[in-house]
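Undergrad: Attaching a single structure in structure tokens format; questions to follow.
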């Protein structure tokens, strides 16, 4: 019995089991070749808590014509409703668990498996929501999502079809190509296996031959789509106007081999021409193309296409404009930039998608693409691009995914590196932090957009920003010396009188907002939501991966002046504990202050004036080690400036000594704290007199310290 939605489907490429086999004595069918498939199926069904499992060859009585007709016409729907489908590949060997061996050891056999050549397996692959592949040793190889790149290459089926996109959205000609060079025992079955793909039904006539079966299928498809005029507007997609040499000679052997390998059967065919630069690879490839000259200029071609797209009834088309990153502004009369309206059909029909790095295109419905929010989605991209199987339980992979923070291109780039280089996820994470630029320079190019590395798109946007808003470009460069999260207007009000002239523009809030707006338009910056924040001033953030690029590319040679100005800004914003909501400001400042600590530790900052303020912030926020380091640096700076005998005549040195004493007291270093308080008390008393309230406050602290030390 077949129970939809609770069934368990399994398909192997081993000796077929029939209904008659199961009806024979138990001892007979248990000895038959292929019993392992049935046993494996039962075990998996039990593990997945499924009540029934179903095997097509066992569960269809082919001697019953009506049952056979019903089964073949219903097969796609049954697969579509299946809980899970297991593929048992007897010609793929993988003895150990996937995580214990690289995919390269079994991937070749997987790609060449007989399972991909059978006609009936096309619907078994496409229809079920979940398809899992197992080796002959019953080792899990992956599901159709994580093995998607390999399956696409082998079958030529687009990813969207494998992911459950309705079949009706794919052109008829494309769906026909998916059958490719698949084979069936009976030639008519190759056609019948497509019934569900086209959502049609027709009687089976074995003996009519494949050609007549095709004609009947095409007639059913036309009848199903009657009234939609699908075929009236069918077009082929080709690439023309590729430059070609006028006198190409030789290479007959290579051209013949290319013709053989590139014969189209509906699946993808790839030829890689490699050799010494200048040896003729490009012209050999160009010669293989069909040379067709367009007799019209581009404007005429554009108008012809627009007219065709505007024809009455021609509504089921999709046009994509990719990378419209230089649009003509509606308020500008300048000739630069592309006016997208010149390329849109006049008739209000069809569908258009525009991709761009800008947010200023005032056309249609705007959707801002943001980072992936779910860690499991990031892990799936890492899994697919690295070819390392499921990573849900890999702690190091999850740590890397969190660092890359949902940025697709960063995840794909990491996966490309991990696929070609035998390092662990933990080693990649370490290299990412220690040698960012070298790591990305050695990363293989991605399969699509090979000219687009992780950084090149950002570099293009940055160069455009430089041309449009210099202040925004400077701000992005300066961001390297702050934390990536939460920059606000007041933070950049630098008190340093020795600052460059361009920084004066940040004293104007309109200029600040304009710069941030420009960065936001190009996708670099995301504004914070004030509704969910205790902060009064809106903050802006950039993605952690973009921040790494800003640090390692825009600031490849660190700028001591920018580093100094950043620390000055951060230190000047540290509030006293008497300030209103001082803890909110301190919490916002702390990540930037930790960035400052790195700058200071690297020797890029030595201004004593900021050390005490940063020490106060670190101490209040529980960063005691950093606080002690800041106080010590401040005292060494005072000593260097005023001398050891005179430094304690200055109130700033006395305050820092007192602050260090308080910090040591918190750490339980009471004797050291006592000595510092005694020194601060004596110096302050000499400076302001014994009756001053601050002197008396130190006396009280010393009294408590003495009691604690004496027990």
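What follows draws every value from the coordinates through simple rules; no lab data is involved. Since we're looking at a predicted model, the values are computed, not measured. We place every Cβ from the backbone using ideal geometry, glycine too, and count neighbours over all the protein chains shown.
Undergrad: In percent, how large is the relative contact order of the stretch 488-710, given Cα pairs closer than 8 Å and 6 or more residues apart?
TA: Numbers: 208 pairs, mean separation 26.4, N = 223.
12 percent.
Undergrad: What ranking do 60, 465 get, fewest neighbouring Cβ atoms within 10 angstrom at the top?
TA: 60, 465
Undergrad: Once fully extended, how much extra length lies between residue 208 and residue 303, figured as 0.36 nm per residue of separation less the alpha-carbon to alpha-carbon distance?
TA: Numbers: separation 95, 0.36 × 95 = 34.20 nm, distance 4.76 nm.
Stretched out fully, the residue 208 to residue 303 stretch lengthens by 29.4 nm.
Undergrad: Still on this structure, please answer the following. Students often check this: by mean Cβ neighbours within 10 Å, which of 134-144, 695-705 ranks highest, and how do the rest follow? Don't skip to the answer; put the middle values down first.
TA: Numbers: 134-144: 18.5, 695-705: 14.6.
Sorting 134-144, 695-705 by mean packing, highest first, produces 134-144, 695-705.
Undergrad: So for 508, 91, fewest C-beta neighbours within 10 Å to most, what's the order?
TA: Numbers: 508 12, 91 15.
Ranked by crowding around the Cβ, least crowded first: 508, 91.
Undergrad: Is the stretch 587-711 rounded, prolate or oblate when judged by the Cα gyration tensor, a ≥ b ≥ c being the square roots of its eigenvalues, rounded requiring a/c under 1.5 and prolate requiring a/b larger than b/c? Mind showing how you got there, number by number?
TA: Working: a/c = 2.16, a/b = 1.40, b/c = 1.55.
Cα axes put the stretch 587-711 in the oblate bin.
Undergrad: Follow-up. If you take the Cα Rg of the stretch 488-710 and divide it by 2.2 N^0.38 Å, with N the number of residues, what do you get?
TA: Taking N as the residue count of the stretch 488-710, the ratio is 1.18.
Undergrad: Let me ask another. Extension gain residue 77-residue 678, at 0.36 nm per residue separation less the Cα-Cα distance, in nm? Walk me through the numbers before you get to the answer.
TA: Values: separation 601, 0.36 × 601 = 216.36 nm, distance 8.68 nm.
Answer, rounded to one decimal: 207.7 nm.
Undergrad: Further, regarding this structure: Computed FRET efficiency, Cβ-Cβ of residue 185 and residue 219, R0 25 Å: what is it to the nearest 0.05? Present the calculation step by step, with values, prior to reporting the outcome.
TA: On the way: r = 25 Å, r/R0 = 0.99.
The value I calculate is 0.50.
Undergrad: I need the calculated FRET efficiency for the pair residue 671 and residue 572, taking r as the beta carbon distance and R₀ as 30 Å, to the nearest 0.05.
TA: Once the sixth-power term is evaluated, E becomes 0.30.
Undergrad: Additional query: Output the peptides 200-207, 548-555, 384-391 sorted from most to least packed, where packing is the average of other Cβ atoms within 10 Å over each peptide's residues.
TA: Details: 200-207: 13.6, 548-555: 19.2, 384-391: 21.0.
For the peptides 200-207, 548-555, 384-391, the packing ranking is 384-391, 548-555, 200-207.
Undergrad: Which value in nm describes the separation of the simple spin-label points at residue 35 and residue 696, placed 7 Å from the Cα toward the beta carbon?
TA: Each label point lies 7 Å from its Cα, and together they span 9.9 nm.
Undergrad: Report the gain in length on full extension from residue 559 to residue 67: 0.36 nm times residue separation, minus Cα-Cα distance, nm rounded to one decimal. All intermediate terms of the calculation are to be shown ahead of the outcome.
TA: Working: separation 492, 0.36 × 492 = 177.12 nm, distance 7.85 nm.
Result for the pair: 169.3 nm of gain on full extension.
Undergrad: Take the alpha carbon gyration tensor of the stretch 473-598, find the square roots of its eigenvalues, order them as a ≥ b ≥ c, and report rounded if a/c is under 1.5; if not, report prolate when a/b exceeds b/c, else oblate. Walk me through the intermediate numbers first.
TA: Working: a/c = 1.39, a/b = 1.17, b/c = 1.19.
Since a/c stays below 1.5, the shape of the stretch 473-598 is classed as rounded.
Undergrad: Can you sort 475, 663 so the residue with the fewest Cβ neighbours within 10 Å comes first? Could you put the intermediate results ahead of the total?
TA: Working: 475 25, 663 22.
By the 10 Å Cβ count, ascending, the order reads 663, 475.
Undergrad: Also, I was wondering about something else. Which FRET efficiency value, to the nearest 0.05, is calculated for residue 538 and residue 105 with the Förster distance at 60 angstrom and r the Cβ-Cβ distance?
TA: Values: r = 53 Å, r/R0 = 0.89.
That pair, residue 538 with residue 105, gives E of 0.65.
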